[in-house]
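Written below as structure tokens is the structure these notes are about.
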Amino acid sequence: MSKKERPSFEEALSRLESVVKELESESISLEKSIKLYEEGIKLSNLCTETLEEAELRIKNVAEQHANDDDNNNE
């Protein structure tokens with residue numbers, strides 16, 4: 001995952017699920033486990049950041065809607 005290409009939430013989550021499955025494999029090497037763990041952490045952070053941004057956008061829309069309703073009721 002390059003810095004220039006940010007995957008969508010759905011892509012990141014799907015890849016994270018794949019990473020978890022790979023990490024659960026008993027035949028995986030320690031080095032591969034470490035690399036997958038690092039990738040998983042990055043993907044997890046990306047998903048969390050995306051969800052936090054979405055939550056903020058939703059709050060802003062809800063506040064704007066509430067303000068519009070207040071102004072219409074005056």
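Computed from the coordinates by the stated procedures, all read-outs in this text should not be read as laboratory data. Only a predicted model underlies this, so the values are computations on that prediction, with no experimental measurement involved. Glycine gets a Cβ as well: all are built from the backbone with ideal geometry, and neighbour counts include every protein chain shown.
Quick rundown of the values:
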item	result
C-alpha long axis of helix 30-72 to longest principal axis of the chain, angle in °	10
Count of lysine pairs in the chain with Cα separation under 25 Å (8 or more residues apart, or interchain)	11
Peptides ranked, highest mean first, by Cβ atoms within 10 Å: ranges 17-30, 40-53	40-53, 17-30
Label selected from (i) 1.05; (ii) 1.71; (iii) 0.96, the criterion being Cα Rg over 2.2 N^0.38 Å as computed here	(ii)
